[in-house]
Amino acid sequence: MAVSVDGRITTREREHVSLGSERDRRLMDELRARADAVVVGAGTVRHDGSPMRIRYEDLRERRAARRLPVHPVNVVLSRALDLSVRSRFFASQETRRIVFTTKRAPKARVRAFERVAEVVVLPGTELSPRSVMAALARRGCRRVLLEGGGEVHFAFAEAGLVGEVYVTVTPRLIGGKNAPSLLDGEGFLWKDHVRLRLVSARRAGEEVFLRYRVPRSRGRPARRARARRP
C-alpha cells in the first residue's frame, strides 16, 4: 500500500486519491504479476470500482510465458453483498472474479452476483480469512496479494496469514482521526503486536519503498479470524 507519512491511505472523506508515483504503480503491477489472486474488501470496490489488472505489457507477457492468466483472479470479501452489481469492477470481461460472502447475504443478492462472478457463501455470519484462503487454495490460488482496505489487512494479519508487507511512504501528511490507515480494525494490544523484519528500504525521488517479512516463528496464535465490515 502507498501511505502518507502518517500512515493514511486516503482522507476522512474517503476521497479517490492516488498517493504513489509511476514507480509505485509499477511495483504494484509487479506484485500482481506474481500473485494468483488479489483480495479486496467490498469497501474498496465501492470506493474505487476498478478491477485489479496488470497494466504493463511486459508483465502480462511474463505471465503468459508461464502459462498463467493475463490477470490474477479478482477476489472480493462482502459479508452481506451490499455493493453494486453494476459496478465497473463487475463489468470487466478481462478478469475472473470470486466473491466471498456469508449467510447474511440475501438469496436474491447471491443470485444477482452469480451472473457476474463465482459466489462462495461461507458458513456463519463473519468472513474467516482462513476459510477464504482454504477455498482459494482449492481453486489453485496459493499466492495471494491483499490490496485493502485496512480492515481486511487487519483481519488477515490477526489470523496470522500475512507473510510480507510492502509499504510505499509518500511525501505528504493527511491526518484525521477518521481517515483510513494501512491497518484498521480493532488493532493489536502490545502483547499481540506482529513484529516485522526489514528486508529492504529504497529511496526513489521523494518516496521510500519498504519491504518487511513476518517471521514464521513469531508464535502469536490467530484469534477471532474475521474481516469486519467489508
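So if each residue of separation counts as 0.36 nm, and I subtract the Cα-Cα distance between residue 203 and residue 17, what length gain in nm does that give?
Stretched out fully, the residue 203 to residue 17 stretch lengthens by 64.8 nm.
Using only the alpha carbons of region 42-147, what is the convex hull's orientation-averaged projected area in square nanometres?
Averaged projected hull area, Cα only: 6.8 nm².
In terms of the Cα gyration tensor, with a ≥ b ≥ c the square roots of its eigenvalues, is region 71-132 rounded because a/c is under 1.5, prolate because a/b exceeds b/c, or oblate?
Cα axes put region 71-132 in the oblate bin.
To the nearest Å, what is the center-to-center distance of region 1-56 and region 77-118, using C-alpha atoms only?
20
For labels at residue 91 and residue 5 in the simple 7 Å Cα→Cβ model, what's the distance in nm?
Result: 4.0 nm between the two label points.
Relative contact order for the chain: what percent, with Cα pairs under 8 Å and sequence separation of 6 or more?
Working: 442 pairs, mean separation 61.4, N = 230.
Computed over the chain, the figure is 27 percent.
If you count, for each residue, the other Cβ atoms within 10 Å and average over each peptide, how do 84-92, 198-206 line up from highest to lowest?
Working: 84-92: 15.4, 198-206: 10.6.
Going from most to least packed, we get 84-92, 198-206.
Return the Rg/Rh value of the chain, two decimal places, where both radii are evaluated on C-alpha atoms and Rh is the Kirkwood radius.
0.94
May I ask you to compute the full-extension gain from residue 186 to residue 121, defined as 0.36 nm times their residue separation minus their alpha-carbon distance, rounded to one decimal in nm? Before the final figure, lay out the partial values.
Working: separation 65, 0.36 × 65 = 23.40 nm, distance 2.48 nm.
The residue 186-residue 121 span can extend by a further 20.9 nm.
If packing is taken as the average number of other Cβ atoms within 10 Å across a peptide's residues, how do 141-151, 171-181, 94-104 rank, most packed first?
In descending order of packing, they fall as 141-151, 94-104, 171-181.
Would you calculate, for the chain, the mean residue ellipticity at 222 nm contributed by helices, counting each DSSP H stretch of 4 or more residues as -39,500 (n - 2.57) and dividing by all residues, to the nearest 500? Intermediate results must be reported in sequence, preceding the final value.
Values: 7 runs with 58 residues, N = 230.
So the helix-based figure for the chain works out to -7000 deg cm²/dmol.
The numbers here are math on the coordinates, done by the rules we state, and not lab data. Treat the numbers as computed from the prediction; the structure is a model and nothing was measured. Don't worry about glycine lacking a Cβ; one is built from the backbone with ideal geometry, like all the others, and counts go over all protein chains shown.
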